[in-house]
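Q: Structure in structure tokens, see below.
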Amino acid sequence: MRQKTSRLLTHAVSFLSLELDMDKELQQFLEQFRVDPEEEQKTQELYNRIQQISRGSPETPDAPSDRELLVLISRLFSMEGSTPFSKQYDPLIERLSFTNQDLNALDADGLKTAWRSFLKENEWDSFIAPEHLGMAEWYESHSMTSHAIAVYEYLYLRSFVEMNDDMPRDFCDISTLLMLCKERKLLHRARYFCEVIEDLYLADKIVSLEDYADAVLIKKVVNSYAILETLDSDKRSITDRLNLEKGKLLHVLHPRTQSLVIDATVWSSEPWRKLEPATAILYWAKAIEAEFRFKVYEPNQRHINQYQTFEGPPKGKNCTLGQISKLLYPSSNLGLKTVFARLQDAAWIISQEARNPLETLQKHRNQSAHAGSSSYTPRESQRCLREIYESGWIWRFLQALQPAIPRGLK
């Protein structure tokens, strides 16, 4: 009897110890969700100030200075901690005097120093690399090409020229900077970045084969002023035609995708497709990669990261066509399917009908990159364009990447 009582006491003590351990673990688990009242108050004060700025006029006595706006942007980033910037940043960036400068009047040399000069005038050096990247992406997404170039140039200077440890190269997307310089017709600068990308690929394989192949193609175009003049004329007429025929879709695409779609349509027409057969393929591939990034991958990145079975793209980079295909068409992955269920044409985009042309485009993109654009023939380009462009597939695919419209708003 005494032995039985002893065993019962031992079990009781063990149970109480286990219960205490579980309580301790629960407390530790809940501790991470506890809100510090002081931090909560600071957060509320920050959002109140942003709302006040949003409602106020830039001419009012309490209008914020550039320095205060930079401080608020930095504080907001320390709370949200991700790029691209959310809409909370809009009233802050919109009121910066830098945003309201006419940078289109500046040449390439002026743009190289514009962002650094602005920061120096305001005695501000507290932004970290992702904050500069967020600013560049914000300007690009608001079709402010010159402003985006100015911030990307600053990132390039700090990370590739001065090689500062606090500005990792990952945060300077030279391929995007090249495309923006081409768009702004800064031909000397665009040619320079083509050569930088070629050197980085040939020396250290720092850039991808796709980015290298893109740079080789773009270099051929920017080396010919005569081609560019004719190309610009065709681009204007095709832009007008697309606004009439595809305006509804065109206007919901991300600005980067819009520009790529217009270029792709130009290079898919005669005589351009015969002049550089690989260029149309390049631009259609980049258009899908850009739209997937801005409409699907980045808005759902935390959820996707839980379920993807491969390493995703570096921060601020597009998924490749191969990575998009792996995400859209896994053998069985219910977690990823819940992401794509939120798209406008969810059932179609994961179907074989959508998949086959995507894989054709991926195959031709890789083929032209590996073989070199000079080895990729007009006949091969025509075969690909017939399946992805002339069939209308590309328009449906880009439309399908848009977020679904809530029923009550249809």
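Q: Any idea which of SER97, SER86, SER74 is hydroxyl-bearing (Ser, Thr, Tyr) and free of Cβ contacts under 8 Å to residues at least 24 places away in the same chain?
A: Being hydroxyl-bearing (Ser, Thr, Tyr) and free of Cβ contacts under 8 Å to residues at least 24 places away in the same chain holds for just one of SER97, SER86, SER74, which is SER86.
Q: Which residues, counting only those in the stretch 325-341, are outside any helix (DSSP H, G or I) and over 16 Å from PHE397 (Cβ atoms)?
A: Matches in the stretch 325-341: PRO330, SER331, SER332, ASN333, ALA341.
Q: Can you pull out every residue in the stretch 327-344 that is crowded, with 17+ Cβ neighbours inside 10 Å and under 18 Å from ALA290 (Cα atoms)?
A: Across the stretch 327-344, the qualifying residues are LEU327, LEU328, VAL339, PHE340, LEU343.
Q: Only residues that are surrounded by fewer than 14 Cβ atoms within 10 Å (Cβ to Cβ) and either in contact with a Gly (Cβ under 7 Å, 6 or more places away or on another chain) or not small (Gly, Ala, Ser) (or both): list them for the stretch 72-122, please.
A: The answer is MET79, GLU80, LYS87, ASN100, ASP102, ASN104, ASP107, ASP109, LYS120, GLU121.
Q: Follow-up question, since we're still on this one. Take the residues in the stretch 67-102 that are touching a Leu at 6+ places or on another chain (Cβ under 7 Å) and β-branched (Val, Ile, Thr); name whichever of them is modelled with the highest pLDDT.
A: Within the stretch 67-102, the match that is modelled with the highest pLDDT is ILE73.
Q: Same structure again: Does the stretch 298-310 contain any residue that is assigned to a helix (DSSP H, G or I) and under 20 Å from ALA213 (Cβ atoms)?
A: No - not one qualifying residue is present in the stretch 298-310.
Q: Right, another one. Output the residues belonging to the stretch 114-135 that are closer than 19 Å to PRO91 by Cα, at pLDDT below 95 and hydrophobic (A, V, I, L, M, F, W, C).
A: Once the filter is applied, which keeps residues that are closer than 19 Å to PRO91 by Cα, at pLDDT below 95 and hydrophobic (A, V, I, L, M, F, W, C), the stretch 114-135 yields PHE127, LEU133.
Q: How many residues, within the stretch 53-66, are surrounded by 13 or more Cβ atoms within 10 Å (Cβ to Cβ), part of a helix (DSSP H, G or I) and either modelled with pLDDT of 90 or more or not hydroxyl-bearing (Ser, Thr, Tyr) (or both)?
A: 2
Q: Next question. Mind checking which residues of the stretch 27-52 are among the aliphatic types (A, V, I, L, M) and at pLDDT 80 or above?
A: Scanning the stretch 27-52 gives LEU46, ILE50.
Q: Among the candidates GLU291, GLU359, single out the residue that is of a type in the set (D, E, K, R), in a helix (DSSP H, G or I) and over 18 Å from the mean Cα position of the chain (by Cα).
A: Within the list GLU291, GLU359, the selection yields GLU359.
Q: Then there is this: Out of the residues in the stretch 304-321 that are closer than 22 Å to LEU133 by Cβ and of a type in the set (A, V, I, L, M, F, W, C), which is surrounded by the fewest Cβ atoms within 10 Å (Cβ to Cβ)?
A: The extreme case among them is ILE304.
Q: Among ALA400, ALA369, ALA354, which is at pLDDT below 85 and surrounded by 17 or more Cβ atoms within 10 Å (Cβ to Cβ)?
A: It is ALA369.
Q: For the stretch 124-238, give me every one of the helices (runs of 4 or more DSSP H) that falls completely inside it and has 1 or more residues that are touching a residue at least 24 places away in the same chain (Cβ under 8 Å) and hydroxyl-bearing (Ser, Thr, Tyr).
A: Output list reads 129-141, 145-156, 174-183, 209-222.
The values are calculated or read from the model by the stated rules, or taken from the named source; none is laboratory data. Just so it is clear, the model here is predicted, and its values are computed rather than measured. Because the Cβ atoms are built from the backbone with ideal geometry, glycine has one as well, and the counts that use them run over all protein chains shown.
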